[in-house]
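One structure below.
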Amino acid sequence: MDNIEKKSKYIPSKPDFDPKACPNFHRVAEILEKADGGISSVPEIQSALDAFAGSRELTVLVRNEVRRLADGGGGHQPTNWSHLTLYQDEKFELIVESLQPFSPAGFLVTAATSKEMRVVGKGVIEFTVYRIPAATDMATLDKTLRPEFIEKKLLTPDAPGASVHLLDIVDIGVLSPSITIVLSERSRAPFTWSFDRESLEPLMVSASQTSLTRFRTLVDLVAAFQGTEFQSPAAEEFLLQLGNHELHFLRWRACQALAKINLSRAHPLLTRLADDAHPQIRRLAAVALQRINETTLAG
């Protein structure tokens, strides 16, 4: 995969390859390069993907990549390798993927990115979409929430297209071996939720970005190491800066840790968070300030 991921955006990278052989693919790439926002901001990508999926250009692209890897000595893919990157930049990734019928897992997960999917050649996929309310706080699992059914359809070469929106819950059943092309946004939702496949009951929440997991772990370690030989002299400043983070759960996590280390320095942050834009943070900060005031009066 390294040879594929580190190449240029266009897969036809052999010097003697004529880009005119794949005009539909190059139209897709050209649209993506000029796009300023996500998939929803480039509606013309729908027709471009349809034209590409309906052409025979994918065969040309794959054949060319196989030759390129063989010529470069990089054609040693693992036996379970099932997708090939066609295009990749800082905003989008376009892959071709081989899907086989399988026994589905016992749970469904919210989509971390928006996607466009097309079935190419033969294949049948059962595509079911659920959606959770737009105002849901993804950082806090709500066991009473149940997603709303949106649609269920069969994807075939005659009706190949499907759209996945950010935070959609998509159940994909591969009914026969299928080849798909999938365009994904590179940005990700901070969290994903897992749901029971049958009851649609929320099961757990997890961070979908490793950077968020890293921040949460750092905050917990900073608080745990305070007063030990591992404590950091920059801990309080780090937590104060994190108290301004754009994600509300990190602001609150940092404030909690700072209160354990130095309550007097955490007090101004708590006061500010009592007027936070997020209602849950306002409520938690107000309760914390009330408890501090009651403790102070009692003392």
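The table below lists the values:
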item	result
Whichever residue in the range 124-142 is in a loop (DSSP other than H, G, I, E, B) and among the aliphatic types (A, V, I, L, M) and, among such residues, is surrounded by the fewest Cβ atoms within 10 Å (Cβ to Cβ)	Ala135
Hey, Leu269 farther than 19 Å from Thr217 by Cα and in a helix (DSSP H, G or I) or not	yes
Ala224 among the hydrophobic types (A, V, I, L, M, F, W, C) and not in a loop (DSSP other than H, G, I, E, B)	yes
Close pairs from the range 185-211: first at positive phi, partner modelled with pLDDT of 85 or more, Cβ under 6 Å, at least 6 apart	Leu200/Arg146; Leu200/Pro147
Gln231 being assigned to a helix (DSSP H, G or I), open to solvent by 70 Å² or more (accessible area, probe 1.4 Å) and among the polar types (S, T, N, Q)	no
Segments classed as strands (runs of 3 or more DSSP E), wholly inside the range 75-117, with at least 3 members that are at pLDDT 90 or above and surrounded by 13 or more Cβ atoms within 10 Å (Cβ to Cβ)	92-99, 107-109
Meets criteria (closer than 18 Å to Gly106 by Cα and either at pLDDT below 90 or open to solvent by 70 Å² or more (accessible area, probe 1.4 Å) (or both)) for Leu154	no
Val66 surrounded by 15 or more Cβ atoms within 10 Å (Cβ to Cβ) and either of a type in the set (Asp, Glu) or more than 22 Å from the chain's Cα centre (by Cα) (or both)	no
Criterion: open to solvent by 40 Å² or more (accessible area, probe 1.4 Å), in contact with a Ser or Thr (Cβ under 7 Å, 6 or more places away or on another chain) and aliphatic (A, V, I, L, M) - qualifying residue of Leu221, Leu203	Leu203
The range 236-253 residues that are over 19 Å from Gln280 (Cα atoms), paired with ones that are of a type in the set (Lys, Arg) and open to solvent by 40 Å² or more (accessible area, probe 1.4 Å) (beta carbon under 8 Å, 6 or more apart)	Glu236/Arg265; Leu240/Arg265
Candidates Leu166, Leu145, Leu200 - the one that is under 21 Å from Glu93 (Cα atoms) and not in a strand (DSSP E or B)	Leu166
Filtered residues of the range 22-49 (kept if part of a helix (DSSP H, G or I) and surrounded by fewer than 16 Cβ atoms within 10 Å (Cβ to Cβ))	Pro23, Glu30, Glu33, Lys34, Ser40, Ser41, Gln46, Ser47
Condition check for Ile169: at pLDDT 95 or above and of a type in the set (A, V, I, L, M, F, W, C)	yes
Unique residue being of a type in the set (Val, Ile, Thr) and at pLDDT below 85 when the list is Thr192, Thr213, Thr271	Thr213
Number of the condition not met by Ser264 [criteria: (1) more than 28 Å from Ala134 (Cβ to Cβ); (2) modelled with pLDDT of 85 or more; (3) in contact with a helix residue (DSSP H, G or I) (Cβ under 9 Å, 6 or more places away or on another chain); (4) exposed (fewer than 11 other Cβ atoms within 10 Å of the Cβ)]	(3)
Lone qualifier among Arg188, Arg214 - being under 30 Å from Val164 (Cβ atoms) and surrounded by 17 or more Cβ atoms within 10 Å (Cβ to Cβ)	Arg188
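The values are calculated or read from the model by the stated rules, or taken from the named source; none is laboratory data. Every value quoted in this text rests on a predicted model; they were computed, and no experiment measured them. With ideal geometry, Cβ positions are generated from the backbone for all residues, glycine too; neighbour counts draw on all protein chains shown. Calculation scope for accessible area: heavy atoms of the full protein, side chains included, ligands and nucleic acids excluded. Shrake-Rupley method; radii C 1.70, N 1.55, O 1.52, S 1.80 Å.
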